[in-house]
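This report refers to the structure that appears directly beneath it.
Just so you know, all these numbers are worked out from the coordinates, no wet-lab data involved. Here the structure is a predicted model, which is why all the values come from computation and not from measurement.
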Amino acid sequence: MSAETPAASGQFTRRRLQFRAWRGTRPFWAGLFVLIAGFPIMYFPYAHLQLGHLTLAMATTAGAGSLIIGVLLVVLGISLWFQKHIRVFAGVAAILLALVSLPVSNFGGFVVGFLFALIGGAMAVAWAPGGASASEGAEESGSARGGATEAAPGAAVDGTSNESNDLSGTSPANGANGRHSAG
């Protein structure tokens, strides 16, 4: 099979589109940033940098702590890819580990790992799963009923809601008057 075979380019395009669809359903970039943050935090406490004939040992007494922080960040990054429902926990944990890495592992991997973990953790906490847009939802519901679309209960013709957005349960419309029943 040669490189110019059309099946190979079609398969590459299909795989690329599958990866793009998978990536869009989870906090991919947050996971990547958190994953990348673990490597400098793990590496620098054990590194021996060569500057000409001078060996610079970066080893600290907290090398085990740096290794644990780095491994946890790598695991959190991978978890963000495959377990998207733990995004808030993983994001907060990544931010806390980034802050702990400042005193423990050479200023958080010379600030590189610290910044990656901080930004990745913030992205994980801020990420929200996307939903179908209003136009796609109307098209899907219209095609399921044979082309006729129905308005949702409480929705006006122009797309606004006739009901109030009061979710406290105390609106006069439902008669709860601030009291909730257990039944």
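Key figures for this structure:
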read-out: Gain in span if fully extended, Thr55 to Phe82, counting 0.36 nm per residue against the direct Cα distance; value: 5.7 nm
read-out: Using θ = phi - 60° and Karplus 6.51 cos²θ - 1.76 cosθ + 1.60, couplings along segment 109-119 (whole Hz; Gly, Pro as x); value: x, 6, 6, 5, x, 4, 5, 4, 5, 5, 5
